[in-house]
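S.K.: Have a look at this one.
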């Protein structure tokens, strides 16, 4: 309740990650203790609020990596060090701690929570990363992930096509048992199918419209499941129970829309 | 499920008297089903209007120390769309369709749309943060009576009027609903409220003002139910800050025949329904009472 009121924080630094993606860093001890995969609601006064995954932490500072998609995210892109922003959270259920060598499959700005996951766990377990994006310029966090394979939709770098097209070959030549994924839902749906076929474990970070972040309003429902509170990270068994995953999302009014 | 909390109200058999309140998780039929799976004895849909609506600009929800403020702005996919998605789906418990409109004719049209897929109708006469609808019309007893009577003559289903606490005339409005033929009243909707961020000096909700829910409004709900029980003879559904068995029992003693839970699904979990039901069952057994006997007991010395 009281914790669900925005805390006003000063932007400590901002960084351009790609032509459409920026990272901001804030001093915020609460979110800096978050589990990778959790998110926060960022509030720009007089503009609005958006759910954003935590993309990394440093001490008591948290980073948020934001794709410019609408008015509110465009306002966040305009922020400079010293500007103020509201933050509440962390919210939701994040990724589990990897128990052994695992594979990260990320697409587009969906790699943001996976970057935090990698930052937290890459010293303890071996993590191989496969990253896709629309273009070479939109490939994110390549320096940190040091990815095994990259792909671009336009062929400007790495495999020309989707990352899932090379995932199967990669898995066939290795003995990983666990995949962590975040990115466009069609990509995650394909990763899910591959995991089903090969008998691998999977955790995926879902994205839906979120308005409250606390499990109240129902905007983020997928088959009656509250993505904001009981997700956004779900495992393969949970995905098995969804009829809407990979097919339908909901608009702001609650109408179904193709993923 | 505790069997001594099974009840019958408005001609409907409920596994327990705890309904999911409107506007909470019930945006899709799947959400309604989840609430029943978690132990709700019945559910109320998100308020449905004639047209799809996206709702207010964000922030839509903000927490305060004593509850939550919201200004969702009645987002909904439209009554026809919702009814279509709900039809043929077994939710597993009685479904009340909540509807909002600007005048009696619109209410009647909505009633015709939702009646084939619902077990009851809840009239939203009480949303505190939308123009021309909700509490904007729900504070005028004459209009309330007209709306209720149009709706009652448009359906065979039980019709409940959800009342606003943002008035000094809640009992008059409840009586007007009763005169119009309502089978029951629901009290209360959220209490008009707002919060301001002191550092930026800006109201936090996108809509500036909203409605307060949760434990802060429980005593307000207790008084509203208590007063309505004195003034009305139709059954009352109590809502406002039910998060524990004790808060539920208090509203029943004040006069509520059934209850709704909203904010409790965020402050507790969806399992709040089962927890409150179990605690209620235990209390009833300990007191050696029937649930129906408990209703309004606080009125008898």
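Coordinate-derived values only; no laboratory data. Please read all numbers here as calculations on a predicted model, not as lab measurements. Because the Cβ atoms are built from the backbone with ideal geometry, glycine has one as well, and the counts that use them run over all protein chains shown.
S.K.: Compute the helix-to-body angle for A:185-198: its Cα long axis versus the longest principal axis of chain A, expressed 0 to 90° and rounded to tens.
M.R.: 40
S.K.: Where the centroid of each part is defined by its Cα atoms, how far is the range B:75-115 from the range A:211-238 in Å?
M.R.: Using only Cα atoms, the two centres lie 24 Å from each other.
S.K.: Counting other C-beta atoms within 10 Å, which of A:1, B:72 has the fewest, and how do the rest follow?
M.R.: On the way: A:1 18, B:72 29.
The order, fewest Cβ neighbours first, is A:1, B:72.
S.K.: For chain B, what is the relative contact order in percent, using Cα pairs closer than 8 Å and at least 6 residues apart in sequence? Could the numbers behind the result be given before it?
M.R.: Numbers: 747 pairs, mean separation 55.2, N = 301.
Relative contact order comes out at 18 percent.
S.K.: Relative contact order for the range B:219-275 using alpha-carbon pairs under 8 Å, separation at least 6, rounded to a whole percent? Write out the running numbers ahead of the final one.
M.R.: Values: 78 pairs, mean separation 19.9, N = 57.
Across the range B:219-275, relative contact order equals 35 percent.
S.K.: For the range B:192-252 and the range A:70-90, compute the distance between their C-alpha centroids and round to whole Å.
M.R.: One Cα centre to the other: 32 Å.
S.K.: With labels modelled as points extended 7 Å from the Cα through the Cβ direction, what inter-label distance (nm, one decimal) is found for residue A:144 paired with residue A:30?
M.R.: Output for this residue pair reads 2.3 nm.
S.K.: Which distance in Å, rounded to a whole number, links the C-alpha centroids of the range B:138-173 and the range B:28-68?
M.R.: 21
S.K.: For chain A, what is the mean residue ellipticity at 222 nm derived from helices alone (per DSSP H run of n ≥ 4: -39500 (n - 2.57); sum divided by total residues; nearest 500 deg cm²/dmol)? Numbers along the way, then the final one.
M.R.: Numbers: 8 runs with 59 residues, N = 259.
That calculation yields -6000 deg cm²/dmol at 222 nm.
S.K.: State, as an integer percentage, the relative contact order of the range B:202-301 based on alpha-carbon contacts under 8 Å between residues 6 or more apart. All intermediate terms of the calculation are to be shown ahead of the outcome.
M.R.: On the way: 140 pairs, mean separation 26.8, N = 100.
It rounds to 27 percent for the range B:202-301.
S.K.: Further question on the same structure: Multiplying the sequence separation of residue B:199 and residue B:13 by 0.36 nm and subtracting their Cα-Cα distance, what value in nm do you get? The partial results should precede the final answer.
M.R.: On the way: separation 186, 0.36 × 186 = 66.96 nm, distance 5.14 nm.
Extra length available between residue B:199 and residue B:13 comes to 61.8 nm.
S.K.: Same structure, new question: Inside 10 Å of the C-beta atoms of B:29-35, what's the mean count of C-beta atoms belonging to other chains?
M.R.: Values: counts 3, 9, 9, 3, 2, 7, 2.
Per residue, the number of nearby Cβ atoms from other chains is 5 on average.
S.K.: Hey, what angle do you get for helix A:111-121 against the long axis of chain A, alpha-carbon based, 0 to 90 degrees rounded to 10?
M.R.: 80
S.K.: For residue B:156 and residue B:131 in the same chain, what is the full-extension length gain: residue separation times 0.36 nm, less their Cα-Cα distance, in nm?
M.R.: Numbers: separation 25, 0.36 × 25 = 9.00 nm, distance 2.95 nm.
Gain on extension, residue B:156 to residue B:131, equals 6.0 nm.
S.K.: A further question follows. What FRET efficiency, computed as 1/(1 + (r/R0)^6) with R0 = 25 Å and r the Cβ-Cβ distance, is obtained for residue A:160 and residue A:198, rounded to the nearest 0.05? Present the calculation step by step, with values, prior to reporting the outcome.
M.R.: Details: r = 24 Å, r/R0 = 0.97.
Plugging the Cβ-Cβ distance into 1/(1 + (r/R0)^6) gives 0.55.
S.K.: Sticking with the crude label model, points 7 Å out along Cα→Cβ, report the distance from residue B:87 to residue B:209 in nm, one decimal please.
M.R.: Using points 7 Å along Cα→Cβ, the separation is 4.0 nm.
S.K.: Based on the alpha-carbon gyration tensor of the range B:1-50 and its eigenvalue square roots a ≥ b ≥ c, which shape applies: rounded if a/c is under 1.5, prolate if not and a/b is larger than b/c, or oblate?
M.R.: On the way: a/c = 3.14, a/b = 1.68, b/c = 1.87.
Taking the square roots of the gyration eigenvalues as a ≥ b ≥ c, the range B:1-50 is oblate.
S.K.: Given a Förster distance of 30 angstrom, what is the FRET efficiency for residue A:84 paired with residue B:102, based on the Cβ-Cβ distance and rounded to 0.05?
M.R.: 0.15
S.K.: Can you bin the range B:174-301 into rounded, prolate or oblate? Criterion: square roots of the alpha carbon gyration tensor eigenvalues sorted a ≥ b ≥ c, rounded for a/c under 1.5, prolate for a/b above b/c, oblate for the rest. Mind showing how you got there, number by number?
M.R.: Details: a/c = 2.57, a/b = 1.45, b/c = 1.77.
Verdict is oblate for the range B:174-301.
S.K.: Please report B:46, A:157 as a ranked list, fewest other C-beta atoms within 10 angstrom at the top and most at the bottom. Kindly include the intermediate steps, with their values, before the conclusion.
M.R.: Working: B:46 26, A:157 16.
The most exposed by this proxy come first: A:157, B:46.
S.K.: Indicate, rounded to the nearest 5 percent, the antiparallel portion of the DSSP beta bridges found entirely in chain A. List each step's numbers first, then the result.
M.R.: Details: 39 of 62 bridges.
Expressed as a percentage, antiparallel bridges in chain A total about 65.
S.K.: Something else: Quick one: if the Förster radius is 22 Å, what FRET efficiency do residue B:140 and residue B:54 give, using the C-beta to C-beta distance and rounding to 0.05? It would help to have the intermediate numbers written out before the result.
M.R.: Numbers: r = 28 Å, r/R0 = 1.26.
Calculated transfer efficiency: 0.20.
S.K.: To check you understand DSSP bridge types, tell me what percent of the beta bridges within the range A:95-240 (both residues inside) are antiparallel, rounded to 5. Before the final figure, lay out the partial values.
M.R.: Working: 5 of 26 bridges.
Roughly 20 percent of the beta bridges in the range A:95-240 run antiparallel, per DSSP.
S.K.: Quick check: from the Cα gyration tensor, does the protein assembly as shown come out rounded (a/c under 1.5), prolate or oblate?
M.R.: Values: a/c = 2.11, a/b = 1.88, b/c = 1.13.
Taking the square roots of the gyration eigenvalues as a ≥ b ≥ c, the protein assembly as shown is prolate.
S.K.: Oh, and also: Return B:170, B:188 ranked ascending by Cβ neighbour count within 10 Å, so the fewest neighbours appear first.
M.R.: On the way: B:170 24, B:188 28.
Ranking B:170, B:188 by Cβ neighbours within 10 Å, fewest first, gives B:170, B:188.
S.K.: A further question on this structure: Provide a whole-number value for the mean count of partner chain Cβ atoms within 10 Å of the Cβ atoms in peptide B:79-89.
M.R.: Numbers: counts 0, 0, 4, 2, 0, 0, 3, 0, 0, 0, 0.
The per-residue average across the peptide is 1.
S.K.: Something else: To the nearest whole number, what is the average tally of beta carbon atoms from other chains within 10 Å of the beta carbons of peptide A:248-258? Write out the running numbers ahead of the final one.
M.R.: Values: counts 0, 0, 3, 4, 8, 12, 17, 9, 4, 0, 0.
That works out to 5 on average.
S.K.: A further question follows. Take every DSSP beta bridge whose two residues both sit in the range B:3-299, then give the antiparallel share in percent to the nearest 5. Can you show the working numbers first?
M.R.: Values: 16 of 42 bridges.
Around 40 percent antiparallel, to the nearest 5.
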